[in-house]
Amino acid sequence: MTNAAEAAVRIGYVMTHYPRHSQTFLFNEVATVADGATEIVPYSLNPPDPGDVELPDELSERDRTFYVKAQSPVRIAMAVLRTARRHPGRFVEALGVAVRFGGLDARLLAWTLFQLAEACVLVERVRDDGCRHLHAQFGGPTATVCLLVHLLDGDADRPISWSFTVHGYHEFTEEKQIHLPQKVRQASFVSGVSDHTRSQLMRISAPEVWERLHVARCGVDLDAFEFHPPAVRTGDGLRVLSVGRLSPEKGQHLLVDAAALLARRGRRDITMVFVGDGPSRSDLERRAAGLGDQVEFLGAKDLDEVRAELGRSDAFCLASFAEGIPISIMEAFAVGVPVVATDVGGVSELVVDGVTGRLVPPGSADALADALERLADDPDGAIEMTKAARRGVEERHDLTVTSTAMRALLRAAALDPVSSPD
């Protein structure tokens, strides 16, 4: 009799860098989607940065991940030659797609031709590993490579099926450059991390493929985030934490401006603490000059350090101009930190104004300052919001629940792939 391990459906996850501290949600998804009947095999286009592989679990994941660009140039070239010789018709079809994706831009064309070479390496490895389906994280290079693998594969009754997850606004700002509509049309399914994301996928696709667009919410390992009674966390003033890359789209300039507004109102008991690094840091520091210890920049932190900062904070604030659905807010909800956030992307699917947090219009430092001041002056309201927020995360973003939903989508595609319309 075939044992459970032999009967398990093997599904490949294709990522740009894996593992990665800034994408712990992928690490968690890979670990929890797998079960006795489903095995997840990780593939990464690029090797991880040295600082991203430190803990035993990260080392273990690195050791079992196949890194495409780590292969020697000779091995890559031989994979291209073998694939072209074995299935010339499929190779020409995939080459045509790569050329169309590259277009008249010589640099972009060279890049897409290299992605074709990566796909030649990966199609051999995936077949050797016995994977029946590939799932790309993000709609850019990983989805391109998975599409090309699908076109190149000809060693079975049906080609390896593929799908991908769209996470954030970057994919939609670059939807033409990364040929997102074409990928949506050809994948077995596409998942978005929020209702908002799915709606944007519907915007760029024909109604006949909408049934293959799904919401697969991101999850949080609730066991890793202990909920602290909000009454213990509220007191005089607020230590407001902002976590994220310091870049223009994250709106941190408005938080500095909100701190200045609060200072002019005499509310120097409300302080801003920024965790993260990025191209805006020096400009933000100049903007905060004169505010003294009311604004603090801590630089980049690993996951454990971020959790510790959440534990020391009285509020969490996200001032972004664009988002998918922020896991940082889910984590703040999980530990019982009141949240103020801008109403962009899928944020309103998490933050219900006055119920689970404070939702403000994007682009307004005054609105941020007002919401933070109200939070500081209404500790009882903050307590009730954090309780409701924790319940919401438990109901919709518990990692065990979200992983079960993703597993069902992946297994359905692996066992009964949907034919892609032309």
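When we screen 276, 251 for residues that are free of Cβ contacts under 8 Å to residues at least 60 places away in the same chain and in contact with a Ser or Thr (Cβ under 9 Å, 6 or more places away or on another chain), the only hit is 276.
For residue 298, the conditions (1) touching a residue at least 40 places away in the same chain (Cβ under 8 Å); (2) aliphatic (A, V, I, L, M); (3) surrounded by fewer than 16 Cβ atoms within 10 Å (Cβ to Cβ) all hold with the exception of (1).
State all residues of region 34-76 that are hydrophobic (A, V, I, L, M, F, W, C) and either touching a residue at least 12 places away in the same chain (Cβ under 8 Å) or closer than 30 Å to residue 404 by Cα (or both); if no residue qualifies, say none. Write out each step before concluding.
Of the residues in region 34-76, the ones hydrophobic (A, V, I, L, M, F, W, C) are 34, 37, 40-41, 45, 53, 55, 59, 66, 68, 70, 74, 76.
Listed by number, the residues that qualify are 34, 37, 40, 41, 45, 53, 55, 59, 66, 68, 70, 76.
Before we move on, is residue 336 over 21 Å from the mean Cα position of the chain (by Cα), open to solvent by 30 Å² or more (accessible area, probe 1.4 Å) and of a type in the set (Gly, Ala, Ser)?
Judged against the criteria, residue 336 is not a match.
Picking from residues in region 391-422 that are touching a helix residue (DSSP H, G or I) at 6+ places or on another chain (Cβ under 6 Å) and part of a helix (DSSP H, G or I), the one that is farthest from residue 230 (Cα to Cα) is 407.
Of the helices (runs of 4 or more DSSP H) lying entirely inside region 1-120, those containing at least 3 residues that are closer than 30 Å to residue 185 by Cα are 24-33, 73-86, 88-102.
Within region 173-223, track down each residue that is surrounded by 19 or more Cβ atoms within 10 Å (Cβ to Cβ), part of a helix (DSSP H, G or I), under 19 Å from the mean Cα position of the chain (by Cα) and not hydrophobic (A, V, I, L, M, F, W, C). Of everything in region 173-223, those that are surrounded by 19 or more Cβ atoms within 10 Å (Cβ to Cβ), part of a helix (DSSP H, G or I), under 19 Å from the mean Cα position of the chain (by Cα) and not hydrophobic (A, V, I, L, M, F, W, C) turn out to be 183, 196, 197, 198, 200.
Going through (1) open to solvent by 20 Å² or more (accessible area, probe 1.4 Å); (2) within 22 Å of residue 248 (Cα to Cα); (3) within 24 Å of the chain's Cα centre (by Cα); (4) touching a residue at least 60 places away in the same chain (Cβ under 8 Å) one by one, residue 343 falls short only on (4).
If you scan region 150-172, which residues turn out to be of a type in the set (Asp, Glu), open to solvent by 10 Å² or more (accessible area, probe 1.4 Å) and within 25 Å of residue 86 (Cβ to Cβ)? Talk me through it step by step, then tell me what you get.
We begin by selecting, within region 150-172, every residue of a type in the set (Asp, Glu); these are 153, 155, 157, 171.
Subsequent filtering for residues that are open to solvent by 10 Å² or more (accessible area, probe 1.4 Å) retains 155, 157, 171.
155, 157, listed by residue number.
Yes/no matrix, rows are residues, columns are (1) surrounded by fewer than 20 Cβ atoms within 10 Å (Cβ to Cβ); (2) under 16 Å from residue 242 (Cα atoms); (3) without any contact (Cβ under 8 Å) to a residue 12 or more places away in the chain; (4) of a type in the set (Phe, Trp, Tyr):
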site	(1), (2), (3), (4)
349	yes, no, no, no
358	no, yes, no, no
374	yes, no, no, no
382	no, no, no, no
394	yes, no, no, no
399	no, no, no, no
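The values are calculated or read from the model by the stated rules, or taken from the named source; none is laboratory data. Everything numeric in this text was worked out from a predicted model, so none of it was measured. Cβ atoms come from the backbone with ideal geometry, glycine included; neighbour counts cover every protein chain shown. Keep in mind that these areas ignore ligands, DNA and RNA; they rest on the heavy atoms of the full protein, side chains included. Shrake-Rupley method; radii C 1.70, N 1.55, O 1.52, S 1.80 Å.
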